[in-house]
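Contents: one structure, followed by commentary.
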Amino acid sequence: MNLSQCIKQTQQQLDVAGVYFGHGTDNSADEAGWLVEDALTKIYPDIELNKFNLQMQVGPALLKQVDELLQQRIEQRLPLAYISGEAWFCGLPFYVSPAVLIPRSPIAELIEEGFQPWVQLSAGSKVLDLCTGSACIACAIAVLMPSLQVDATDISESALEVASRNRSRHALQDRLKLLQGDGFSGLKAEKYQLIVSNPPYVSPMEYSQLPAEYLAEPQLGLVSGSDGLDLVVRILVQAAAHLNADGVLICEVGASQPALEELFPGIPFLWLEFSRGGEGVFVLTREQLVSSQAVFALELKHRSGKR
């Protein structure tokens, strides 16, 4: 068979297996193309992908490599990004492993737009990426807005090892600082113009119902408390202390948006819309965070008492 036929056959196998798409692709055709491309780079590491022709004949070595990747994708239900070790975010490549979530946040769209008009960032402004994981958000900010200084923090040492590889890959050692800590715990008195966060926000019940591909990701990066909002509440309580007077918090809670609105019905969350899809990303100014501190603190105290 030729390369085109190989991709088509791979697509058919993915369809029959009923795998779930949601980690970079949303259909079997794109997934098959990426999988065969990854096999090509493993068999022919010294040839540029654009040198391959869809009519080229597929040899036994490539077929064997495709079968091995398909086995991981179908039998183990591993997302393709873990198989290839690479994912794309904001048009940039990132190394990923099962130590981190696979990049897919709609916050990418905000980065590409310079977070306008939600926050005013000038040369030298400091930005914090809280719960950085692979550091895809932090790296993308630093690459696309080279005048900014970026800090990124995560509780997981293994996640920070992945983040460090990505920082080096994009040559950001001078402008991106990686810190280990639980939430804001490793930041001392640092203040930022923007805090952006994609924290864990999935409830245990929702987690148990996720497709197997999501269960391959670190649970630490997905689940937080009985309703998924434990860390989000802590962020709401503590963020103001780490923001400049005109600073802004941008936080993703995904499908937990209704639960957060029910928890805090009087809070003026500004929910953003995205042209490429995505939901559950809110904006709050430091002033709004400060004016709501009593409400947030009471909820945090309630949650601490339940433990």
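The values are calculated or read from the model by the stated rules, or taken from the named source; none is laboratory data. None of the values given here were measured: they were computed from a predicted structure. Note that each Cβ is placed from the backbone with ideal geometry, even for glycine, and that neighbours are counted across all protein chains shown.
When 142, 152, 138, 159 are checked against the criterion of being under 17 Å from residue 199 (Cβ atoms), in the same structural domain as residue 199 (by TED's automatic domain parsing), touching a strand residue (DSSP E or B) at 6+ places or on another chain (Cβ under 6 Å) and not in a strand (DSSP E or B), a single residue qualifies: 138. Of all the residues in the range 45-65, those that are part of a loop (DSSP other than H, G, I, E, B), of a type in the set (S, T, N, Q) and more than 19 Å from residue 34 (Cβ to Cβ) number 1.
Taken as a whole, the condition of being within 19 Å of residue 74 (Cβ to Cβ), in contact (Cβ under 8 Å) with a residue 60 or more places away in the chain and surrounded by 18 or more Cβ atoms within 10 Å (Cβ to Cβ) applies to residue 19. Going by the structure shown, is residue 63 touching a Cys at 6+ places or on another chain (Cβ under 9 Å) and either surrounded by fewer than 21 Cβ atoms within 10 Å (Cβ to Cβ) or assigned by TED's automatic domain parsing to the domain that holds residue 143 (or both)? The answer is yes for residue 63.
If we keep just the residues of the range 117-130 that are under 17 Å from residue 283 (Cα atoms) and at pLDDT 95 or above, which is surrounded by the fewest Cβ atoms within 10 Å (Cβ to Cβ)? My answer is 117. Residue 304 - would you say it is in contact with a strand residue (DSSP E or B) (Cβ under 8 Å, 6 or more places away or on another chain) and assigned to a helix (DSSP H, G or I)? No; evaluated as a whole, the condition is false for this residue. For the range 183-199, give me each residue that is at pLDDT 95 or above and not aromatic (Phe, Trp, Tyr). Result: 191, 193, 194, 195, 196, 197, 198, 199.
Tell me, yes or no, whether the range 274-288 has at least one residue that is in a strand (DSSP E or B) and surrounded by fewer than 18 Cβ atoms within 10 Å (Cβ to Cβ). Checked the range 274-288: no residue is in a strand (DSSP E or B) and surrounded by fewer than 18 Cβ atoms within 10 Å (Cβ to Cβ). Yes or no: residue 10 within 30 Å of residue 112 (Cβ to Cβ) and not hydrophobic (A, V, I, L, M, F, W, C)? For residue 10, the condition - within 30 Å of residue 112 (Cβ to Cβ) and not hydrophobic (A, V, I, L, M, F, W, C) - is not met.
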